[in-house]
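Each reported figure results from applying straightforward, stated rules to the coordinates on display, with no laboratory input. Here the structure is a predicted model, which is why all the values come from computation and not from measurement. Please note: Cβ atoms are built from the backbone with ideal geometry, for glycine as well, and neighbour counts cover all protein chains shown.
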Amino acid sequence: MILDFYNVPVWKSDAEQILLPKIQEELDTAYLNSTFSMKSGWGPTHYISEPDFCGSIIDPTMKFFPREIDRHLDMYLEAIQFKETNFYSLDLEHTIKSCWFSKFEKGNYAHVHDHGSSDISGVYYYKVPGKGSELFFRNPITQMSSSFIYEHLSTSVDVTPEVGTILLFPSWLQHGVKTNESDDTRVSVSFNIQFERT
Ligand SMILES: [Fe+2]
C-alpha cells in the first residue's frame, strides 16, 4: 500500500449552468471596458487588464460572478476541511483583493509563476479556444525533479478548461499557461482571495 502524502488540493468545477449566461454577460461588459497591456519586463507573453495586479474588474454592478466565486470558495473550504479548524468561523471575512482578465492571442503563453502571499487564487474561463492554452500546475515538491527514481512523478499536471470552468488553488502553487496555438483568443479571469486574520 502506498501512503501518498502531501497532495495539493485544487478545486475544479463549473459555474452553475443556469447562471452561466448571466456571468458571461457581466464579464462581457467588464471585458469591453477593460484596456489590455503586456506586463512590463515579461516579454511577449500575454495581455493583462490590471498589469499591476492590484485592481479588480469586479465592480458593484456585478452580482452573479462574485457570488459564484464565493459559492465555489465555500465548497472548496469544506472540501479541504478548513471549516473543521480553529481558524474558521461563520463570520470569517474574505476579500477578492485583485481580479484581472488575461488575454492570450495566438502564440501567447504564461510563464511559470505563483500568486505570492494571497491565501487562495483562482481562475474562471471566459473564452476558451479549441486547441492549446491549457493551464498546467507544477509539482511543488521540487526535489522530485532532480531524483533518479522519482523524477517521473514530478511532472506538471495539465488542466483543460471549458467556458465556465472555475479553479481554486493555493496561491503558492506554481502554474503557467501553454502557448495558444489556436486563432481564437483565450480569455480567463484570475483572482486572489485574502482572509482576515484575527
Ligand atoms: Fe496565475
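Pop out the ³J(HN,Hα) list for the stretch 18-28 in order, Karplus 6.51 cos²θ - 1.76 cosθ + 1.60 with θ = phi - 60°, rounded to Hz; leave Gly and Pro as x.
Working through the residues one at a time gives 6, 8, 3, x, 5, 5, 4, 5, 4, 6, 4 Hz.
Given a Förster distance of 30 angstrom, what is the FRET efficiency for residue 78 paired with residue 141, based on the Cβ-Cβ distance and rounded to 0.05? Kindly include the intermediate steps, with their values, before the conclusion.
On the way: r = 26 Å, r/R0 = 0.86.
Efficiency for this residue pair is about 0.70.
Within 10 Å, count the other beta carbons around each residue, average over each peptide in 179-187, 17-25, 163-171, and list them highest first.
On the way: 179-187: 17.7, 17-25: 14.2, 163-171: 19.4.
Ranked by mean Cβ neighbours within 10 Å, highest first: 163-171, 179-187, 17-25.
Roughly how far apart, in whole Å, are the Cα centres of the stretch 93-117 and the stretch 1-45?
8
Could you tell me what a quarter of the Cα convex hull surface of the stretch 1-130 works out to, in nm² with one decimal place? Each step should come with its number before you reach the end.
Details: hull surface 46.0 nm².
Orientation-averaged projected area of the Cα hull: 11.5 nm².
Just subtract the alpha-carbon distance of residue 197 and residue 92 from 0.36 nm times their residue separation and send over the number in nm, one decimal. Walk me through the numbers on the way to the answer.
Numbers: separation 105, 0.36 × 105 = 37.80 nm, distance 0.86 nm.
Full extension of this stretch gives 36.9 nm more.
Testing the spin-label approximation: label points 7 Å from Cα along Cα→Cβ at residue 67 and residue 171. State their distance in nm.
Those two pseudo-labels are separated by 2.7 nm.
Pairs 22/83; 83/103; 63/97; 12/97; 103/178; 63/106: which are spaced more than 24 Å apart, C-alpha to C-alpha? Mind showing how you got there, number by number?
On the way: 22/83 30 Å; 83/103 35 Å; 63/97 16 Å; 12/97 21 Å; 103/178 13 Å; 63/106 32 Å.
The pairs that break the limit, which is 24 Å between Cα atoms, are 22/83; 83/103; 63/106.
How far apart, in nm, are two points set 7 Å out from the Cα along the Cα-to-Cβ line at residue 16 and at residue 160?
If labels sit at residue 16 and residue 160, their model points lie 2.9 nm apart.
Between 56, 40, 98, which gets the highest mean-square fluctuation from a Gaussian network model of the chain, Cα cutoff 10 Å?
With Cα springs under 10 Å in the chain, the top fluctuation among 56, 40, 98 is at 40.
Summing -39500 (n - 2.57) over the DSSP H runs of n ≥ 4 in the chain and dividing by its residue number, what mean residue ellipticity at 222 nm do you reach, to the nearest 500 deg cm²/dmol?
Numbers: 2 runs with 29 residues, N = 198.
When only DSSP H runs of four or more count, the value is -5000 deg cm²/dmol.
GNM on the chain, C-alpha springs below 10 Å: top fluctuator among 36, 82, 137?
82
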